[in-house]
Structures are given as structure tokens and as C-alpha cells.
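Written below as C-alpha cells is the structure these notes are about.
The values are calculated or read from the model by the stated rules, or taken from the named source; none is laboratory data. Since we're looking at a predicted model, the values are computed, not measured. Counting neighbours? That spans all protein chains shown, and the Cβs are built from the backbone with ideal geometry, glycine included. When the accessible area is computed, the model is the full protein with side chains, heavy atoms only, and any ligands, DNA or RNA have been set aside. Shrake-Rupley method; radii C 1.70, N 1.55, O 1.52, S 1.80 Å.
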Amino acid sequence: MAGTDTGVDTAKDGSTVAEHTRGAYGLAGLEAGLDALDSVQSGRTPLRETLLRKVLPPVTAVALVLVVWQLLVWANVAPDYKLPAPSDVWGEVSDAWVQGTLLDYIWTSVSRGLLGFLLALAIGTPLGLIVARVAFVRAAIGPVLSGLQSLPSVAWVPPAVIWLGLNDKMMYAVILLGAVPSIANGLVAGSDQIPPLFLRAGRTMGATGLRGAWHIVMPGALPGYLAGLKQGWAFSWRSLMAAEIIASSPDLGVGLGQLLDNGRTNSSMPQVFLAIFLILLVGIAIDLLIFSPLERWVLRSRGLLVTR
């Protein structure tokens, strides 16, 4: 109602126009505050802070390990042929670099691992979607996938050698058998966490079949799917190392697993340590360069990444 005797305009619910105006300004101020908060959190972190928070801790940890290692060598807690000094391992690194074989060791294993993982991704993703969305398929092979995921990857090396021989096909088969179950189960777990309301809303808007899988299921299951990808890569890398250690052949080249086995055969602990460090280094590099950025992107897209 407007134009009362007191000269104050009022709305139908009895509140004044001024009160409505103050409420509108209050909501606008709240929105502005939230927008400002979001802009602060999403700002670029200064380089100095990044170095202090992300680079300094692992460098300090590595330096601490090297110091403790050298102290153990000086204390003669084990013979030299069992516990080599860090300088001896560095000598192996230098020799491999001078001979031009260091990068060959790494590339032989990394190229196999990445190609095998991509093949596992191409197989495990549609398999996970089918298992997640088709009840009969899930009841039939869902327990089999879980069982395969718990089976040690090294168990597949002997049958793969018998079936396929000592070649790259055997390596890729072992990687697939180790990685596909993890990728599929990750997608199934992520799909189970999608609210049913989202699926019903998608069907109402015509998102069924492949369209529903692409626009509803995959985005909703992305966190679980990403966790399955990380685990799948870990399984594929471990499977490859087991295959390279057990199945050796001149035709396969020398990867990191073969380098580790060569160190055992030659009773060269510096070479064994070199292979172990390179295997660890590749695993850390893949996580930092591929999976960590993907994980931050997923968290940021859902408003879950908070900068402290």
C-alpha cells in the first residue's frame, strides 16, 4: 500500500520501501563480498611463496635423506658392497650420462608405461561406464574387476610370456591387466556418488545413452574417476617394472626394471640404487606433472580448492 497518512510508502506486507531498499543493498553488498573473497582465493600465488611452500620442503627432505645416508656409510653400519655411498651412486649416474644410456633407460620404460596406460584408459573408461549403468553387467563382472584389482600384477607375467612371448605385446598385456580394473572401478565408484536427482534431471532434459554418459555421468563421477586414474597409473607402472625385471631379452631393450635386474646380476649395489631412484623419480614426475594439475583443476571447478 502506498501514500499513507504518515507519508511513508509501504509494501503490501507492511514493510516500508526504505526497508526493501536496505535489504536489496545488503544482498548486493553480500554478493560483492563473496565475489571479492573468491577473487582473492583464486589469485596467483607469488613465486617466493610457491618456492617456500612447494619446492623447499621436498628439497629439504631429500637433503636430509642424503645426510643420514652418508652418516650411515661413515658409521660402517654395513659393508660397502651392501650400502654404497651417495658418491658411488652419483658415479653410476655420471657414467650412464657420459655413455648416453641414462635417458635411454628412462625413455624405454616411460614410453611403454604411458602407451600402455593410454590403452588401459581407452578400455577401462567404457568398461567402467557399462558396469556402472547396466545392472546385469555389474552383477556379472563387477566382482571380477574387484578381484583382478587385488591380484598382484606380477602374477600376470608368466602367463603373458607363455601366451605372447618375450616382446612388447607381453609388456602391454601385463600393464592392461594391472591398470584396467582400477580405472573401471574408479569410474564405477564415482558414478555411485552422483545424486539420483541429477540423473533424473538429465533424463528429463533428454540426456540419455551416450549423451547422458558424457554430460551427466562423466562430470559427476570425475573425482572418483580421477582417483581411479591415479591408481591405474600406479598399477601400470608397477606392472611394467615387474615385467621388465622378470622377462629380459635383448630384443626388449634395457628399461629401468631390466637395469635393476642387471645390478642384481652384477652384484652392483650402486647400479641397483640408481635404478630404484630413477623408478621413484619417474613416478613422482608423472604425479606432479599430470595428476596433481588435474586434481587441482577438478577441485577448483567444484569450489573445493582453498588457498591458504
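Details
- Rounded percent of accessible protein surface that carbon and sulfur make up, region 63-116, 1.4 Å probe: 69
- Normalised convex hull volume, region 151-308, alpha-carbon set, Å³ per residue: 144
- Computed from the Cα positions only, the extents of region 145-204 along the three principal axes stand at 52, 20, 11 Å, in decreasing order.
- Solvent-accessible area per residue for region 239-308 (1.4 angstrom probe, square angstrom): 54
- Convex hull (Cα only) mean projected area of region 66-154, reported in nm² to one decimal: 9.6
- Relative packing of 111-124, 226-239, which averages over residues the other C-beta atoms within 10 Å, highest first: 226-239, 111-124
- Of the accessible area of region 229-308, computed with a 1.4 Å probe over protein heavy atoms only, carbon and sulfur atoms account for 64 percent.
- Pairs of C-alpha atoms in region 227-277 farther apart than 15 Å represent 49 percent of all such pairs.
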